[in-house]
Amino acid sequence: MRKYISVCSILLFIIPVITLLICIQIHVLHYDLHSFPFIDGKVSVSLIGRQEKTIGIFRSGFFLYMFISVLFYIKISNFFLLKDVKNKLKIYGLSANFFLCIYIFVLGRDGSFYEISRRLAIIFYITNIYINHAYIIKILRLLKYKKRYK
């Protein structure tokens with residue numbers, strides 16, 4: 001199970017990076033961008049992902065990311081349950097990925113409703129991810145404490 005969790009966590013890093021780098025290259029080729037957006041901030045991730053030529057790749061990459069993320073949260077939750085630590089990581093993981101799904105679904109659609117939905121969804125997704133990480137750290141500290149005093 002540990003190897004599976006490790007592979008999932010590596011994929012959760014690699015898939016978005018590759019997806020974004022491919023989309024940036026397409027954006028550079030078709031929209032005459034002469035900068036590196038991660039440094040100078042001329043282009044946002046959302047803008048790169050919602051362009052006509054990149055939206056299919058962006059959505060596909062992040063739907064794959066969502067699927068692996070859900071599997072990761074299920075497996076890590078089961079791992080903690082095997083260590084006799086009750087947790088809510090499955091629910092937290094599903095809620096975070098629900099907001100990411102909304103973000104990906106409304107990405108590239110015109111209208112103020114979609115713009116507001118996109119912004120709220122990404123804000124709630126990022127907030128959920130921070131909460132999930134804090135919760136995992138809390139569980140890991142609890143396990144460390146239990147191990148030390150057994």
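Quick check on my filter: what residues within region 76-109 are among the basic types (Lys, Arg) and either outside any helix (DSSP H, G or I) or surrounded by 18 or more Cβ atoms within 10 Å (Cβ to Cβ) (or both)?
If the condition is that a residue be among the basic types (Lys, Arg) and either outside any helix (DSSP H, G or I) or surrounded by 18 or more Cβ atoms within 10 Å (Cβ to Cβ) (or both), then 83, 86, 88, 109 are the ones that fit.
Could you list all residues from region 15-43 that are assigned to a helix (DSSP H, G or I) and among the β-branched types (Val, Ile, Thr)? If the condition is that a residue be assigned to a helix (DSSP H, G or I) and among the β-branched types (Val, Ile, Thr), then 15, 17, 18, 19, 22, 24, 26, 28, 39 are the ones that fit.
Residue under question is residue 3, and the condition is that it be over 21 Å from residue 121 (Cβ atoms), outside any helix (DSSP H, G or I) and among the basic types (Lys, Arg); does it hold? Here the answer is no, as residue 3 does not meet what is asked. The listed residues are 44, 35, and the only one of them that is closer than 22 Å to residue 122 by Cβ, among the small types (Gly, Ala, Ser) and surrounded by fewer than 18 Cβ atoms within 10 Å (Cβ to Cβ) turns out to be 44.
For region 65-78, the criterion of being under 30 Å from residue 145 (Cβ atoms) and of a type in the set (D, E, K, R) is met by at least one residue. A Cβ distance below 9 Å, combined with a sequence gap of six or more or placement on separate chains, defines the contacts here; from region 3-21, residues that are closer than 12 Å to residue 61 by Cα reach residues that are hydroxyl-bearing (Ser, Thr, Tyr) and assigned to a helix (DSSP H, G or I) in the pairs 11/65; 12/65; 12/69; 15/65; 16/65; 19/60; 19/65.
For every residue, the table says whether it meets (1) under 30 Å from residue 84 (Cα atoms); (2) out of contact with any Asp or Glu (no Cβ under 7 Å at 6 or more places or on another chain); (3) among the small types (Gly, Ala, Ser).
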{"residue": "101", "(1), (2), (3)": "no, yes, no"}
{"residue": "111", "(1), (2), (3)": "no, yes, yes"}
{"residue": "119", "(1), (2), (3)": "no, yes, no"}
{"residue": "141", "(1), (2), (3)": "yes, yes, no"}
{"residue": "146", "(1), (2), (3)": "yes, yes, no"}
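Whenever a residue of region 59-82 is more than 25 Å from residue 107 (Cα to Cα), its partners that are of a type in the set (A, V, I, L, M) and not in a helix (DSSP H, G or I), lying with C-beta atoms within less than 8 angstrom and at least six residues away or across chains, give the pairs 75/1; 78/1; 79/1; 82/1.
Candidates 99, 105: the one that is at pLDDT 95 or above and of a type outside the set (A, V, I, L, M) is 99.
Taking the listed residues 9, 46, the one that is of a type in the set (S, T, N, Q), at pLDDT 90 or above and either within 21 Å of the chain's Cα centre (by Cα) or assigned to a helix (DSSP H, G or I) (or both) is 9, with no other qualifying.
From 44, 77, 35, 95, grab the single residue that is touching a Leu at 6+ places or on another chain (Cβ under 9 Å) and hydroxyl-bearing (Ser, Thr, Tyr). Every option except 77 fails the conditions. Please count how many residues of region 118-150 are small (Gly, Ala, Ser) and more than 21 Å from residue 70 (Cβ to Cβ). Residues flagged as small (Gly, Ala, Ser) and more than 21 Å from residue 70 (Cβ to Cβ) within region 118-150 amount to 0.
Does region 15-24 contain any residue that is surrounded by fewer than 14 Cβ atoms within 10 Å (Cβ to Cβ), more than 26 Å from residue 98 (Cα to Cα) and modelled with pLDDT of 85 or more?
No: region 15-24 contains no residue that is surrounded by fewer than 14 Cβ atoms within 10 Å (Cβ to Cβ), more than 26 Å from residue 98 (Cα to Cα) and modelled with pLDDT of 85 or more.
The values are calculated or read from the model by the stated rules, or taken from the named source; none is laboratory data. Remember, predicted model here, so these are calculated numbers, not experimental data. With ideal geometry, Cβ positions are generated from the backbone for all residues, glycine too; neighbour counts draw on all protein chains shown.
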